[in-house]
Amino acid sequence: MAEDVSNLQPDIDAEDPGLDVHDWEARYQQLLPDLEGDPYSGLPELADLTEEMLADSGYAVDDPVVREGQSPDVVREYLAAREVSDRVERGEDVGPGDIAQAILGLRAVYDELATNRPG
């Protein structure tokens, strides 16, 4: 008699970086219409995704001592964009040039993490 395997699920390693990258890409693609249609509301969502990507990739952007040893360009770009995103979320007056620069910076971080994930 054959063993019933209908309820077996594949053993997927949660640490597989390919799974994260696939999830990030799907979420990023969902954000693009918001970023193009209303960059002010899309920026905080992109900043949140980027923060999650950094954490998943082993970056400790909240710890100044640890982040000193990490890729300075990635961390610097993220922190600058996060500051603009936080200003938007607080309802402060933020110019379109600052928004555009923050989005470009977060896209650069996204590209770096998606293609060169540390670990």
Of the listed peptides 47-57, 93-103, what is their order by residue-averaged count of other C-beta atoms within 10 Å, with the highest listed first? 47-57, 93-103
ALA100 versus SER41: modelled label distance in nm, points set 7 Å from Cα along the beta carbon direction: 2.2 nm
Nitroxide proxy distance, nm - points 7 Å out along Cα→Cβ at ARG107 and GLU83: 2.2 nm
Can you classify segment 39-115 as rounded, prolate or oblate using the Cα gyration tensor, where a ≥ b ≥ c are the square roots of its eigenvalues, rounded means a/c under 1.5, and otherwise it's prolate if a/b beats b/c and oblate if not? prolate
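Bear in mind that the values in this text are calculations on the coordinates, not laboratory data. Only a predicted model underlies this, so the values are computations on that prediction, with no experimental measurement involved. Here the Cβ is made from the backbone with ideal geometry for all residues, glycine too, and neighbour counts use every protein chain on show.
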